[in-house]
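What follows draws every value from the coordinates through simple rules; no lab data is involved. Predicted model, so just to flag it, every value in this text is computed and none were measured. We place every Cβ from the backbone using ideal geometry, glycine too, and count neighbours over all the protein chains shown.
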Amino acid sequence: MTEIFNSVIFTLIISFICGAISGIGIGGGSILLIFMSLILNMEQLQAQYINLLYFIPTAIFALIWHIKNKLIVFHKGIVATIFGIGGAVAGSYLAMAIDPWLLKKIFALLLLYIGITQLFQKEKKPEEKK
Amino acid sequence: MEWLKKIGFDSTSMVVKCALVGIGAGIVNGLFGSGGGLILVPFFASILKMEQKQAFATSVFVILFLSICSIISYSGSQSVTWLEIWPFLVGGAAGGIVGALALKKLPVKWVRRVFALFILWAAVRAFMT
């Protein structure tokens, strides 16, 4: 019982930290995935599944904020969504079809790309916004 | 193509670009369970001519639906109970709110660089294991 409690507390703390980092806009949604896949040693596909579930409540809160501020360009977003659904289903089935070892290596390439772009990303200065 | 203009598009090619960007983001998001925004935000801001804030907000809108579709697709082979995932969801959502609120108070440049190094370490580790 203590072990389960400790693991719940540990997961809550780590998820909180990962959520805070993502909230700052760092990591492109990959931080929790890294934690689950490489530190908790979860199976890659299960980690990805939880990462998708984890995104939903955060996205709903963010969307309410964005809709209130009229920031969503609906006509372009809806077209991208309609066609994106086909891509999402294809990508998901591809993830389930390919070898988990290969999936992890392709994920490593994605991380390499995210890491390099984040390392060299320039912060916007407030005076640039006009 | 009057009807396209009525719904806000300048040309057919703009619709095609939207569709291609959506397909690309869908594949990446479905394949990795994340990363759709890496495709959407820069393309929305550049070739689809949105402001940066609009690009970010619209990408959240698109990825929400793409993620729901991927969850449905994954659920054929994956199953987790609410008991297993609630700490991830509650901790992550609370952290997300705190992160967004702390955005103005943190030296984001340095936090970003530290986590970029962490992500690069993770990339090397994922290659090695």
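Condition first: in contact with a Phe, Trp or Tyr (Cβ under 8 Å, 6 or more places away or on another chain) and of a type in the set (Phe, Trp, Tyr). Now tell me which residues in segment A:41-62 satisfy that.
Result: A:49, A:54.
Show the residue pairs that are 6+ apart or on different chains and have beta-carbon atoms under 6 Å apart, the first residue being within segment A:60-77 and in a loop (DSSP other than H, G, I, E, B), the second being of a type outside the set (Val, Ile, Thr).
A:71/B:53; A:71/B:54; A:71/B:57; A:72/A:66; A:72/B:57; A:72/B:61; A:73/B:50; A:73/B:54
Considering only segment B:88-106, I want to know if a residue exists there that is of a type in the set (D, E, K, R) and either part of a helix (DSSP H, G or I) or under 23 Å from residue B:16 (Cα atoms) (or both). Explain how you work it out, then say what you get.
Residues of segment B:88-106 that are of a type in the set (D, E, K, R), as a first pass: B:104-105.
If we keep only those that are either part of a helix (DSSP H, G or I) or under 23 Å from residue B:16 (Cα atoms) (or both) as well, we get none.
No, segment B:88-106 contains no residue that is of a type in the set (D, E, K, R) and either part of a helix (DSSP H, G or I) or under 23 Å from residue B:16 (Cα atoms) (or both).
Quick check on segment B:82-96. Is at least one of its residues within 20 Å of the chain's Cα centre (by Cα) and more than 7 Å from chain A (Cβ to nearest Cβ)?
no
Condition first: within 17 Å of the chain's Cα centre (by Cα) and aliphatic (A, V, I, L, M). Now tell me which residues in segment A:49-84 satisfy that. Can you show your working first?
Start the filter on segment A:49-84 by keeping residues that are within 17 Å of the chain's Cα centre (by Cα), which leaves A:49-63, A:84.
A:50, A:52, A:53, A:56, A:59, A:60, A:62, A:63 - these are the residues of segment A:49-84 that are within 17 Å of the chain's Cα centre (by Cα) and aliphatic (A, V, I, L, M).
Could you grab me the full set of residues in segment B:77-96 that are among the β-branched types (Val, Ile, Thr) and touching a helix residue (DSSP H, G or I) at 6+ places or on another chain (Cβ under 7 Å)? Can you show your working first?
First, the residues of segment B:77-96 that are among the β-branched types (Val, Ile, Thr): B:80-81, B:85, B:90.
Residues satisfying the conditions are B:80, B:85, B:90.
For segment A:21-51, how many residues are farther than 22 Å from residue B:27 by Cβ, more than 7 Å from chain B (Cβ to nearest Cβ) and among the small types (Gly, Ala, Ser)? Write out each step before concluding.
Quick first cut of segment A:21-51, residues farther than 22 Å from residue B:27 by Cβ only: A:21, A:23-26, A:35, A:38-42.
Applying the additional criterion that residues be more than 7 Å from chain B (Cβ to nearest Cβ) yields A:25, A:35, A:39-42.
Add one more test, that the residue is among the small types (Gly, Ala, Ser), and what stays is A:25.
Total meeting the criteria: 1.
Kindly list the number of the only condition in (1) part of a loop (DSSP other than H, G, I, E, B); (2) over 21 Å from residue A:11 (Cβ atoms); (3) more than 7 Å from chain A (Cβ to nearest Cβ) that fails for residue B:59.
Unmet for residue B:59, out of (1) part of a loop (DSSP other than H, G, I, E, B); (2) over 21 Å from residue A:11 (Cβ atoms); (3) more than 7 Å from chain A (Cβ to nearest Cβ): (1).
I'm trying to understand the selection: among the residues of segment B:6-35, which are more than 28 Å from residue B:78 (Cα to Cα) and crowded, with 24+ Cβ neighbours inside 10 Å? Quick ask: steps written out before the conclusion?
Within segment B:6-35, the subset more than 28 Å from residue B:78 (Cα to Cα) is B:6-20.
Within segment B:6-35, B:18 is the sole residue that qualifies.
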